[in-house]
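Below is one structure, written out as structure tokens, with a few remarks after it.
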Amino acid sequence: MLDPVINFFKSIFAIVAGAISGVIAIIISPFVWLRNFYRNSGGLLKGLIAIILLCIIIPYLWFFWNAAWVRNYDNNYSNALDLEDYKVSAGEQISVEGGTDTTRTCGKSAIVSVASELIDFNVNQNGWMSSMVLYKLGFFGLDWDATPFLDNKASFQRGVQQAVQRTAIELVDTLGRVRGTSAADDDLSRARGRLQYDEYTWYFTLSPPSPILPTPDAYREGRERLLRFNDRLENCDAVFDVRADNLIRFLDRIASDIGSTSAALRDRSDASNAGWFDTRADNQFWYAYGQLYAYYGILKAAHADFADIIESRQLTDVWDTMEEQLRATLELDPVIVSNGREDGWIMPSHLTTVGFYLLRVRSNLVELRSILDR
């Protein structure tokens, strides 16, 4: 009676093994040809081939080393920032009234601190994958995003950067000015511009041909501007407008950002049920994951910056629940991202799973916004 079930699994494993063997054969075929050509070449030609191969192999080894995993990844990274040490709301004066320009101090912004740390994590602690020339060249002409390997880190980094970009925009438009009507802060404006920089720019552009500032350097400059703003804020020489309506707007923008990502996951899930063989599914999954990874720290920072408002509106329990659910999302860690049917039992739908977590966090944000707006 078990023969049909056993035969079914055998057929599945045979299909998978055949597909893997075919892919491996395609990948190694150029190397087999090159080996045979090298054996039949003369000594001078062999030396030239060896030099060319070294010039190719060494950069690719460096690329693989960078793409293999995310350095210093930590689900609890916000704990290392000691956000509980932010004793007052951002911009609030700490020293006694009447202090001089040299003795007065104000509270730094935890949001700015976390955003700057995320940039450091993305481009200093890790190589920025999307603008590496070998990533741009692709895999034998095939875009890395269309392959099942070595593109997850790039997608994760873009998700993190998307959250940082959204935060930088809100810092300029509302949080870093008085009631949104004063002039925009110069450091925040410069940071926003640098952080909106194209994600794929290398040291040289072909339109027109000329050297150009690479993406990681632009993001580093944006980080320096954020740190400069926070130093000025600590010296009471900048503005961080801690008001309920600003927090409402900030939560609205994050909820919209998460909603857009959820829609993209839904579209990809509808477009394919190829399970483990959907080479685009992992890009969507890790982009969403990186976005949630960043927003986890940013929203914990917002809790510190808007502590007085959150406490006075009795939002602490709801906010803590939202943070816990965000943290729970970061426990997702599939070895292979699958985009199968939602009711599939062999190849599950990880896109649907992370999409559910996204919508749950978004509903928490909408609830917080509703309570604040009463």
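Considering only I6, A281, Y38, and ranking their Cα positions along the charge dipole of the chain that arises from unit charges at the beta-carbon of Lys, Arg, Asp and Glu, the one farthest toward the positive end is Y38. Starting from one equal scatterer on each C-alpha and no solvent at all, send me the Debye-based log10 I(q)/I(0) for the range 299-339 at q = 0.14 Å⁻¹, two decimals. With one equal scatterer per Cα and no solvent, log10 I(q)/I(0) is -0.43. Take the chain, connect every pair of alpha-carbon atoms lying under 10 Å apart with a spring to form a Gaussian network, then pick out the residue of L292, L251, L54 with the largest mean-square fluctuation. The residue that fluctuates most here is L54.
When ligands, DNA and RNA are left out and all protein chains stay put, how many square angstrom of accessible area per residue does the chain have with a 1.4 Å probe? Before the final figure, lay out each step's value.
Details: 19110 Å² over 374 residues.
On a per-residue basis, the chain sits at 51 Å².
Spatial offset of the range 130-154 relative to the range 163-236 amounts to 26 Å, using the alpha carbon center of each. Sequence-distant contacts, meaning Cα pairs under 8 Å at least 6 residues apart, place the relative contact order of the range 178-300 at 19 percent. Note on Cα Rg over 2.2 N^0.38 Å: of the candidates (1) 1.03; (2) 1.19; (3) 0.97, the value calculated from this structure sits at (2). With R₀ fixed at 25 Å, the C-beta to C-beta distance from S363 to N75 puts the FRET efficiency at about 0.70. Comparing mean-square fluctuations of L48, L326, L61 from a GNM of the chain with C-alpha springs under 10 Å, the top value falls on L48. Only Lys, Arg, Asp and Glu count, each charged at its Cβ (+1, +1, -1, -1), so figure out the dipole size of the chain about its Cα centre, rounded to 20 debye. That gives the chain a dipole magnitude of about 1420 debye.
Taking amide H positions as modeled 1.01 Å from N, with prolines and chain starts lacking one, the residues under 5 Å from C106 and 5 or more places away or on another chain are I94, N235, C236. Take the chain, connect every pair of alpha-carbon atoms lying under 10 Å apart with a spring to form a Gaussian network, then pick out the residue of Q165, Q314, Q325 with the largest mean-square fluctuation. Highest fluctuation among the options: Q314. Figure legend: label point modelled 7 angstrom from the Cα of D145 along Cα→Cβ; residues of the range 281-321 with amide N under 14 Å from it are 281-288.
Once the range 222-271 is represented by equal point scatterers at the alpha-carbon sites, with solvent omitted, what log10 I(q)/I(0) does the Debye formula produce at q = 0.17, 0.32 Å⁻¹? Taken in order of the listed q values, log10 I(q)/I(0) reads -0.73, -1.00. Would you list which lysines come within 30 Å of K46, measuring only between C-alpha atoms, while excluding same-chain residues fewer than 8 positions from it? Leaving aside lysines fewer than 8 places away in the same chain, those within reach of K46 are K136. Candidates A307, I27, L359 compared by Cα position along the dipole of the chain: farthest toward the positive end lies I27, with charges placed on Cβ. The string of couplings for the range 19-31 from the Karplus curve (6.51, -1.76, 1.60, θ = phi - 60°) is 5, 5, 4, x, 5, 4, 4, 5, 5, 8, 4, x, 6 Hz, one whole number per residue in order, with x for Gly and Pro.
Ligands, DNA and RNA left out, the 1.4 Å accessible surface of the chain is 59% carbon and sulfur atoms.
The values are calculated or read from the model by the stated rules, or taken from the named source; none is laboratory data. Just so we're clear, the structure is a prediction, and the values are computed from it rather than from any experiment. FYI the Cβ positions are ideal-geometry reconstructions off the backbone, even for glycines, and counts take in every protein chain you see. Please note that ligands, DNA and RNA were not included when accessible areas were found on the heavy atoms of the full protein model with its side chains. Shrake-Rupley method; radii C 1.70, N 1.55, O 1.52, S 1.80 Å.
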